[in-house]
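The structure appears right after this line, and notes come after that.
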RNA sequence: CGGGGCGUAGCGCAGUCUGGCUAGCGCAUCUGGUUUGGGACCAGAGGGUCGCCGGUUCAAAUCCGGCCGCCCCGACCA
């Protein structure tokens, strides 16, 4: 391809509104163009990279034994009604209706395809002999994001690989799941991503039933806890907390005292008002679990974790109580709840860290008042202690007790054991070997293909621009004729372009009538892995220049045989990405 | 949906507070010339419903009201 025949609108300046590196660089390098909030055109270069990512996904899914199909993006609303997900998705589901003759047909744009694929399975899978089978597609998904942001990281329309496994037993599901897990590792390895497979909040099957694939990045929306000691990694919603030092400090018990705290309803306000640290305070949260109110105590500087609470109290449904309920059970408006005296009215659960508090500050269950000198046993006694909070940076690892590291990350993939939720709702049943009719056991597996690009750029750029691995680069080789007006330069460049292209190398020839500096800047900005420069000086000695994007120095090589040499280099790097990886590793080491 | 910011040429911005010359600058584009290894230089040219609607005024990019759009923080996120 020649530059002048493509559409590559690179920009010198950062467009107004773009902040994070991936967004800035994708716009500046002419990969994407924004159409509206949350919707982007993939320009020729961006589309090439996106297709390469999709192709890697496709190859590895095929290798793992999954079969590709394509389901429609428009779906009948009735399918979503059957599984109750019209309500579950709410405004995220993009619904619309069309007129057909004398009736209206209600539809939704697919945000994911469990319903459609399960309906398909219900029609065609009726025997255990047809399983295991895993179906997948690479398709545009639609979700009406409340607030699209971060460039292509959170958009209302995105390319997703979604796969669904169908098994006759939980054991078989485990094998299907493991195959997908391994395929994901190969996919992200091939894409040159530094990722973590983290434990995520699991579904109905429990155990290690869900993993998210995360790329640690400063701008990631997710939070993961990672143990550098043993490798344990989990989403903050899932992360367990190791044994804590629960011995109460050797501080004498203070007198229980009520103090006026007018208008101070938050931990921050009370902390400021009374001059006490948040970690000396008890946050009392009133929840409603399956219809019954209960209180949860966590330390002032901790965050309650609803999934852990739900598990601890054995509730199906759990939500923070509304103000009316809070006022009824505590006798005070929101912001003044405390454990003292609450036990007589509702069950009180405490996070384990509460056990180590001495002379704490809590709400007084009375408007504009708090209690100081509050102590466990003397003043209140929970019905139980459990791990009820989100893990924090520095908390002990549940496996090895080393300290957990908190990192922000971009979620690029998710594997999940679904169980029978959808097969039961949509009557996808099969006959087993004992002639019993049973619901199919499912798993689902998603990859955000756009996010592969964004995550890569977010973690692989320098001051000059993107640094692509060969696997994802829009073009593998960038040919720069220094002076396009020089006939010999242009002849050699053109020949090299044709020869490399014929050998199956993705090459872009910068045939613009521009000064060399402009071309070099764009080469670095877009980040083509291998830059080949053809200049008059070198040509006089029969030499051209070759440089990897991630290296500082260029190497001169004989024009004679250059085509083969370039082809070899690209092919090696295609296979292993070894050069890219070692640059990444060196860079990471430097950063630490 | 709460809080904040922004909207002027393809892109980045100044001008708005304190209303008044023909709405300006840099980049990009076009023409001619000189250049040609890290975003060249000279001369000239084209390109604008100042987000939209309404109001105030002799006069509105500028003041007032409403709306729309974009970005950031928060809430939400199968």
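The values are calculated or read from the model by the stated rules, or taken from the named source; none is laboratory data. Note that this is a predicted model, so its numbers are computed, not measured. Quick reminder, even Gly has a Cβ in these numbers, built from the backbone with ideal geometry, and neighbours come from all protein chains shown.
Screening residue A:105 on (1) touching a strand residue (DSSP E or B) at 6+ places or on another chain (Cβ under 7 Å); (2) touching a residue at least 40 places away in the same chain (Cβ under 8 Å) shows it passes everything except condition (2).
A single member of A:480, A:518, A:533 is within 12 Å of RNA strand B (Cβ to nearest atom), out of contact with any strand residue (DSSP E or B) (no Cβ under 6 Å at 6 or more places or on another chain) and over 30 Å from residue A:172 (Cα atoms), and it is A:518. Within region A:351-363, the residues that satisfy the criterion of being closer than 16 Å to residue A:254 by Cβ and crowded, with 24+ Cβ neighbours inside 10 Å are A:360, A:361, A:362.
Out of the residues in region A:476-485 meeting the condition of being under 22 Å from residue A:561 (Cβ atoms) and in a loop (DSSP other than H, G, I, E, B), tell me which one is farthest from the chain's Cα centre (by Cα). Across region A:476-485, the extreme among qualifying residues is A:482. When the strands (runs of 3 or more DSSP E) confined to region A:492-574 are screened for residues that are modelled with pLDDT of 95 or more and buried (at least 21 other Cβ atoms within 10 Å of the Cβ), those reaching at least 2 such residues are found at A:507-509, A:530-534.
Restricting A:390, A:375 to those that are within 16 Å of RNA strand B (Cβ to nearest atom) and in contact (Cβ under 8 Å) with a residue 12 or more places away in the chain reduces the list to A:390.
Checked against the criteria, residue A:88 counts as outside any loop (DSSP other than H, G, I, E, B), within 15 Å of RNA strand B (Cβ to nearest atom), closer than 30 Å to residue A:123 by Cα and in the same structural domain as residue A:183 (by TED's automatic domain parsing). Of everything in region A:12-44 that is farther than 21 Å from residue A:412 by Cα and surrounded by 20 or more Cβ atoms within 10 Å (Cβ to Cβ), the residue that is farthest from RNA strand B (Cβ to nearest atom) is A:43. Among the residues of region A:26-78, those identified as more than 30 Å from residue A:97 (Cα to Cα) and assigned to a strand (DSSP E or B) are A:32, A:67. Going residue by residue through region A:425-440, is there one that turns out to be touching a residue at least 24 places away in the same chain (Cβ under 8 Å), within 15 Å of RNA strand B (Cβ to nearest atom) and buried (at least 24 other Cβ atoms within 10 Å of the Cβ)? No, there is no match, as no residue in region A:425-440 is touching a residue at least 24 places away in the same chain (Cβ under 8 Å), within 15 Å of RNA strand B (Cβ to nearest atom) and buried (at least 24 other Cβ atoms within 10 Å of the Cβ). Candidates are the residues of region A:245-281 that are in contact with a helix residue (DSSP H, G or I) (Cβ under 6 Å, 6 or more places away or on another chain) and over 13 Å from residue A:361 (Cβ atoms); the one that is surrounded by the most Cβ atoms within 10 Å (Cβ to Cβ) is A:248. The set of residues in region A:110-156 being near RNA strand B (Cβ under 10 Å from one of its atoms) and part of a strand (DSSP E or B) consists of A:141, A:149, A:154. Close contacts from region A:235-255, counting a first residue that is under 11 Å from residue A:357 (Cα atoms) and a second that is modelled with pLDDT under 90 and surrounded by 14 or more Cβ atoms within 10 Å (Cβ to Cβ), with Cβ to Cβ under 6 Å and a gap of 6+ residues or different chains, come to A:246/A:355; A:246/A:356; A:248/A:356; A:248/A:358; A:249/A:358; A:251/A:358. Here residue A:327 meets each of (1) exposed (fewer than 15 other Cβ atoms within 10 Å of the Cβ); (2) under 22 Å from residue A:367 (Cα atoms); (3) free of Cβ contacts under 8 Å to residues at least 12 places away in the same chain with one exception, condition (1).
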